[in-house]
Each structure stands twice: as structure tokens, then as C-alpha cells.
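S.K.: Structure provided below as C-alpha cells; questions to follow.
What follows is calculated from the coordinates using simple rules that are stated; it is not laboratory data. Quick caveat: nothing in here was measured; it's all calculated off a predicted structure. Neighbour counts are summed over all protein chains in view; Cβ atoms, including those assigned to glycine, are modelled from backbone coordinates with ideal geometry.
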């Protein structure tokens, strides 16, 4: 019988921060009338943070969370290489789920605000589909 690995005694703080940011982003988007279709789903070898819909619009949402702005704003981390991966993942998701129609690429940036509050900044259409 193969040995099983013990659970990781120290969770990765980056993953915890990412999960926190994704939860805040999902809450925000739902409050804005979006329906969450998928969370952390893999398609085409790419992890898609959130796939949401509002009416006929389908949006693929990349969530970036930062503990501070020391190294820049969260949305600045969605560079051209990341955008290309997200486009590839979105097209694979559309094929796998037999979806057609309008789609958009959004970024939700989650960062600390004054007084310990967290600010959720939604950037609809943050980058284009590049011919998707």
C-alpha cells in the first residue's frame, strides 16, 4: 500500500491571500448582478479564477490580490503573457462548455485600503480578446 503524504502543516500564505481575494471578488461581482459560473476551473491547461455572466455577457475574470502596494498595483501583474494564457484558457472553456457569444476579460484588483478595509476594484474589459 503506498504511503500517503501528511497534510502540509504550514499553509502557503500566498494561496490563502489569493483565496481571500477571490472570495471578495466573487461577493462584489454577485452584488453587481453577475452570476458565478465557475471558480478556479482549469481549461486548456490554464486556471481561470472566475467565469461570470450577466445577461448575454460572459466574462473571464482574473483576480489579483496584494497585501500592500509596495510592488505596484495588483492589476499591473496581468501582463501580456498572462493575458495570452487567459485568452487560451477562455477559448478552451468556451469549447468545453459549448458556449458562444460575447465574452470579455476583466480584472478585479483587491488591495488594502485605509483603516484596514479591503478595496475591490473591478476593471471591466481590462484587456481585449485578441481576436477571440
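S.K.: Give me the one-decimal nm value for the distance between modelled label points at residue 67 and residue 20, 7 Å along each residue's Cα-to-Cβ direction.
M.R.: Placing both labels 7 Å along Cα→Cβ, they lie 0.9 nm apart.
S.K.: Taking the convex hull of the Cα atoms, report for region 46-108 its projected area averaged over all directions, in nm².
M.R.: Details: hull surface 18.4 nm².
Taking a quarter of the hull surface, the average projection is 4.6 nm².
S.K.: Follow-up question, since we're still on this one. Calculate the spin-label point distance for residue 35 paired with residue 57, positioning each point 7 Å from the Cα along the beta-carbon direction, and give it in nanometres.
M.R.: Result for the modelled spin labels: 1.6 nm.
S.K.: Tell me the label only: which of (1) 0.95; (2) 1.72; (3) 1.02 is Rg/Rh (Cα atoms, Kirkwood Rh) as calculated from this structure?
M.R.: Recomputing Rg/Rh (Cα atoms, Kirkwood Rh) here picks out (3).
S.K.: Once label points are set 7 Å from the Cα along Cα→Cβ at both residue 27 and residue 88, what is their separation, rounded to one decimal in nm?
M.R.: That separation, rounded to one decimal, is 3.4 nm.
S.K.: Summing -39500 (n - 2.57) over the DSSP H runs of n ≥ 4 in the chain and dividing by its residue number, what mean residue ellipticity at 222 nm do you reach, to the nearest 500 deg cm²/dmol? All intermediate terms of the calculation are to be shown ahead of the outcome.
M.R.: On the way: 2 runs with 36 residues, N = 132.
Theoretical 222 nm ellipticity from helices: -9000 deg cm²/dmol.
S.K.: May I ask what percent, to the nearest 5, of DSSP beta bridges between residues of the chain are antiparallel?
M.R.: On the way: 19 of 27 bridges.
Of those bridges, close to 70 percent are antiparallel.
S.K.: Multiplying the sequence separation of residue 100 and residue 77 by 0.36 nm and subtracting their Cα-Cα distance, what value in nm do you get? Before the final figure, lay out each step's value.
M.R.: Numbers: separation 23, 0.36 × 23 = 8.28 nm, distance 2.85 nm.
Length difference between fully extended and current span is 5.4 nm.
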